[in-house]
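Here is the structure we will look at, set down as structure tokens.
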Amino acid sequence: MSRDNIETPAHNASAIADRIVDTARQAGHLSHEARAVKSLAEDVIEEAVHGAKRAVRRGSEKLEDIRDEGVRYVKRQPLTTVAIAAGIGFIVGLTTACIGRRLRGAE
């Protein structure tokens with residue numbers, strides 16, 4: 001056997017120390033990457049929450065505008081509004097009566 005192939009305890013310890021240092025560096029790098037991913041996820045979630053709040057606010061404002069428009073229409077056209085409500089009520093009543101007859105006839 002040649003002397004080059006024989007590992008000495010000092011050489012073995014040095015190789016183990018190098019592996020430990022390399023593993024520590026990799027762990028540090030992975031820790032940094034994990035923090036970066038966490039930060040990115042927090043930013044995305046925060047932006048999504050703000051977007052949802054803006055959408056709800058816009059939707060609420062839109063519903064308020066529709067309600068105000070309806071109130072103005074009723075004030076400008078009271079007879080037309082009453083006629084429309086009566087027509088819708090009549091149709092709902094007829095539909096309910098027809099469904100009720102069919103359900104009673106199925107028994």
| field | Size of charge dipole - the chain - debye, nearest 20, with Cβ of Lys, Arg +1 and Asp, Glu -1, no other charges | value | 1080
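May I ask you to work out the translational diffusion coefficient for region 37-91 at 37 °C, viscosity 0.692 mPa s, via Stokes-Einstein with Rh from the Kirkwood sum over Cα pairs, reported in whole µm²/s?
Numbers: Rh = 14.5 Å.
So the translational diffusion coefficient is about 226 µm²/s.
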| field | Selected from R19, R57, R76 as most flexible by GNM, with the chain as the system and alpha-carbon contacts under 10 Å | value | R19
| query | Helix 9-76 versus the longest principal axis of the chain: what is the Cα-based angle in degrees, 0 to 90, to the nearest 10? | reply | 10
| request: Starting from the Cα of R25, step 7 Å along the direction of its Cβ; do the same at I88; then give the gap between the two resulting points in nm. | output: 7.3
| request: Excluding residues on the same chain fewer than 8 positions from K38, give the lysines whose Cα lies under 30 Å from its Cα. | output: K53
| note | Tilt, helix 78-106 to longest principal axis of the chain (alpha-carbon atoms), in degrees rounded to tens, equals 80
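Read-outs throughout are calculated quantities, based only on the coordinates presented, and are distinct from any laboratory measurement. Being a predicted model, the structure only gives us computed values, none of them experimental. Because the Cβ atoms are built from the backbone with ideal geometry, glycine has one as well, and the counts that use them run over all protein chains shown.
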